[in-house]
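Here, each number is a calculation from the coordinates, and none is a lab measurement. Quick caveat: nothing in here was measured; it's all calculated off a predicted structure. Cβ: placed from backbone, ideal geometry, glycine included. Neighbour counts: every protein chain shown.
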Amino acid sequence: MKDIWYGDNRDLVKWSVLLHLTRKYHLEKIIQIAYYRKSNFKTLEIDGVEHSIPDEIINHFRQVKNIEKLEVEVPIHVFCDIFDNRAAYMEKALNFIKQFQNSNTLIFLDPDTGLEPKNPSLQHVLECEAKIFYDNLIKGDLFAFYQHQTNRSGTPWIEPKREQLASALNIDLNNLKVAHGQNIARDVAFFYCRKPQQLAQQPAC
């Protein structure tokens, strides 16, 4: 997730889906694991002189943590340490979750692009990382995952990624549901499932 994308149509779909899921499953909080990476904002020109975008403007329109101020019935907590080292990030993110995970919680993984392809980068969540987060949920928690469109050729992309994620989590495909907003942002989908059992052993990644 980058600041430059905060507040676009995908965010309308994203946070609408998360809020509806929170209400449907009577959850008590949302924790967003933002996989945050800093954006480089372009400059503007005034009378031939180049100027940067003021920090005050960026903080108002493009600040990822602003979602914590959303006036809804459940608190929202955003983990937005910079994602540049996978091992360190995982350790800090799991510790962050444990601060708040004392009741039914929605844990939302929000990478730039989604689940790893054949050659993953920092835009992606690795399968083993998704499994670690899922295994660290407690009974009643909801796991949610952001997935961006993987191609522009018109071939199906949602179902293959759903199958890949279900396999990575080692859950029945029927238990991994899909949400989207095709009339608002056609290039994103969200996968989610309820944690049915207690903590499992954390696997190596």
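Using just the C-alpha positions of segment 3-194 as equal point scatterers, what log10 of I(q)/I(0) does the Debye formula give at each q in 0.08, 0.15 1/Å? So the normalised log intensities are -0.27, -0.93. Note on segment 60-205: with charges restricted to the Cβ of Lys and Arg (+1) and Asp and Glu (-1), its dipole about the Cα centre is near 120 debye. Once C-alpha pairs closer than 8 Å and six or more residues apart are averaged by separation and normalised to the residue number of the chain, the relative contact order reads 22 percent. Residues 25, 36, ranked from the fewest to the most other C-beta atoms within 10 Å, line up as 25, 36.
Beta bridges assigned by DSSP with both partners in segment 3-194 are antiparallel in approximately 45 percent of cases. Helix-derived [θ] at 222 nm for the chain: sum -39500 (n - 2.57) over DSSP H runs of at least 4, divide by residue count, nearest 500? Result for the chain, helices only: -9000 deg cm²/dmol. Over segment 1-96, Cα pairs under 8 Å with separation of 6+ residues give a relative contact order of 35 percent.
Ordering 154, 39, 178 by Cα displacement along the dipole of segment 3-194 toward the positive end leaves 178 in first place; charges were set at the Cβ atoms of Lys, Arg (+1) and Asp, Glu (-1).
Among the aspartates and glutamates, which have Cα under 18 Å from the Cα of residue 42 when same-chain residues fewer than 8 positions away are ignored? Here the aspartates and glutamates satisfying the reach criterion relative to residue 42 are 3, 8, 50, 55, 56.
Distance from the Cα centre of segment 150-188 to that of segment 24-93, in angstrom? Between the Cα centre of segment 150-188 and that of segment 24-93, the gap is 24 Å.
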